[in-house]
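Here the structure comes first, spelled out in structure tokens, and everything after it is commentary.
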Amino acid sequence: MNSSPRPDHSPRPAAADDLARPAGGTPALPPVASFDELGLPSAVRELLTAHGVVTPFPIQAATLPNALAGRDVLGRGRTGSGKTLAFGLPLLARTAGLRAEARKPRALVLVPTRELAQQVADVLAPYAGALGLRLATVVGGMSIGRQATALRDGAEVVIATPGRLVDLVERKDVRLDRVGITVLDEADQMADLGFTDQVTALLDLVREDGQRMLFSATLDRNVDLLVGRYLHDPVVHSVDAVTASVDTMEHHVLQVHGADKYATATEIAARDGRVIMFLATKASVDRFTAHLLGSGVRAAALHGDKSQPLRTRTLEKFRRGEVTVLVATNVAARGIHVDDVDLVVNVDPPADHKDYLHRGGRTARAGGSGSVVTLVLPDQRKEVLRLMGDAGLRPRVTQVRSGEAELSRITGARAPSGVPVDGSAPSAERPRRGGAQFRGMGTVPGKPGRAKNESRRSAEERKLAEARKAARVRRGH
């Protein structure tokens with residue numbers, strides 16, 4: 001067991017793809033120290049107090065005065081920093097008193113994933129109800145007929161993923177020419193996922209003189225097209241750099257041997273408390289989840305091939321504690337807020353530093369604390385440390401094996417019970433130190449990750465190609 005002597009969580013200089021600040025001539029309004037300074041409707045103030053929201057987070061303090069004044073806003077703050085209320089409160093306050101005709105909403109929030117759409121809706125629904133505003137959530141994987149009905153009945157605010165909203169526009173179930181306020185949440189991810197054409201097509205349909213707000217945990221040059229084309233003299237607030245790290249978040253790189261990787265991951269999963277574990281592909285998520293269930297760990301899988309109702313039920317079970325381990329692809333890297341998640345584990349390392357930051361952002365939210373652990377094989381160590389350097393982090397690096405005290409000290413790992421969770425088959429994985437790794441389909445016993453008649457070098461080249469492909473198409477969404 002070897003470990004580097006001193007972890008360093010201090011940010012490094014900003015990455016080359018940091019936000020290019022657009023030119024603007026109008027000075028921004030100064031930030032506020034209290035919600036009382038904003039002139040919010042009394043019903044909204046009462047709800048904020050009832051929910052224990054007393055002091056604005058930095059992104060809220062900086063952007064709310066300008067957004068409430070009708071300015072276009074380009075805002076960046078780390079995940080869990082309160083961006084939803086930063087754009088949601090002004091959107092609702094400025095829409096209050098307006099009434100939507102059938103199929104003609106007055107405000108629009110575009111988000112990249114179904115989970116994020118649901119989270120935004122859950123946060124804004126109480127405030128919208130207090131102001132007499134109707135919300136409609138429009139996402140794929142759910143009944144388009146029901147969504148069309150909600151729009152036909154009239155909804156002042158629509159929260160949507162781009163693809164489904166385009167479908168409804170083409171069906172003439174919705175018109176956007178009355179939309180006066182448009183928000184893009186996680187704008188960079190929509191660009192990364194290839195939604196730029198759909199987003200621009202939708203923005204071309206809303207009122208040209210309307211207010212536009214772009215918010216994200218990372219805003220880089222991928223969104224320059226949207227900023228330059230659609231934001232007019234925007235106020236720019238960047239309360240966290242693209243490489244910012246959370247002071248209350250620890251970062252660990254655990255170097256493991258290939259034959260011990262999944263035994264190590266299994267022991268981490270068997271710890272007390274909630275944990276989110278990220279793997280690269282949908283198939284590996286399903287296989288590892290089945291393995292954990294057979295080992296006695298209450299786990300559930302989340303990825304893009306699951307139906308939306310199933311994904312919603314899975315997240316609710318995780319929130320209630322019926323499931324303690326959420327095994328996921330990058331679909332869970334944004335838009336998932338669950339209290340008391342104090343550990344995130346990258347069983348498979350992320351493709352780039354932005355994915356790392358968003359995965360890690362599922363813990364240490366809104367002032368809480370947590371840890372992010374990344375498992376690496378010896379030949380992955382250099383690349384992962386470079387990736388984390390791009391994220392502005394110098395993690396503690398430790399060599400571990402399953403069953404060791406150091407692994408338990410860092411992660412709370414322990415041996416699983418071995419008693420299958422109801423309805424699952426016993427796992428072939430032995431919960432003892434040095435046991436054979438969990439092997440997925442298409443691998444050869446004793447040759448982790450290698451197909452039949454495949455050399456080690458060929459296997460490594462294939463895995464690298466698969467990882468690059470996954471990075472390009474963002475598999476799992």
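The values are calculated or read from the model by the stated rules, or taken from the named source; none is laboratory data. All values derive from a computational prediction rather than experimental measurement. Cβ coordinates were reconstructed from backbone atoms using ideal geometry, including for glycine residues, and neighbour counts include every protein chain displayed.
Brief remarks on what is shown
- Looking only at residues in the stretch 160-200 that are small (Gly, Ala, Ser) and surrounded by 17 or more Cβ atoms within 10 Å (Cβ to Cβ), the one that is farthest from residue 134 (Cα to Cα) is 191.
- Search result, residues across the stretch 98-120 that are modelled with pLDDT under 95 and either surrounded by fewer than 22 Cβ atoms within 10 Å (Cβ to Cβ) or assigned to a helix (DSSP H, G or I) (or both): 114, 115, 116, 117, 118, 119, 120
- Only one of 323, 344 that is touching a strand residue (DSSP E or B) at 6+ places or on another chain (Cβ under 8 Å), assigned to a loop (DSSP other than H, G, I, E, B) and at pLDDT 90 or above: 323
- The stretch 384-407: number of residues that are in a helix (DSSP H, G or I) and either touching a residue at least 40 places away in the same chain (Cβ under 8 Å) or buried (at least 22 other Cβ atoms within 10 Å of the Cβ) (or both): 7
- Restricting the stretch 262-318 to residues that are assigned to a helix (DSSP H, G or I) and of a type in the set (Lys, Arg), the residue that is modelled with the lowest pLDDT: 311
- Among the residues listed as 151, 116, the single one being within 22 Å of residue 231 (Cβ to Cβ) and not assigned by TED's automatic domain parsing to the domain that holds residue 357: 116
- Any chance residue 145 is on the phi > 0 side of the Ramachandran plot and outside any strand (DSSP E or B): no
- Taken together, 301, 280, 269 contain a single residue that is buried (at least 24 other Cβ atoms within 10 Å of the Cβ), touching an Asp or Glu at 6+ places or on another chain (Cβ under 6 Å) and of a type outside the set (Asp, Glu), which is 301.
- Residue check for residue 157: under 19 Å from residue 214 (Cα atoms) and surrounded by 17 or more Cβ atoms within 10 Å (Cβ to Cβ): yes
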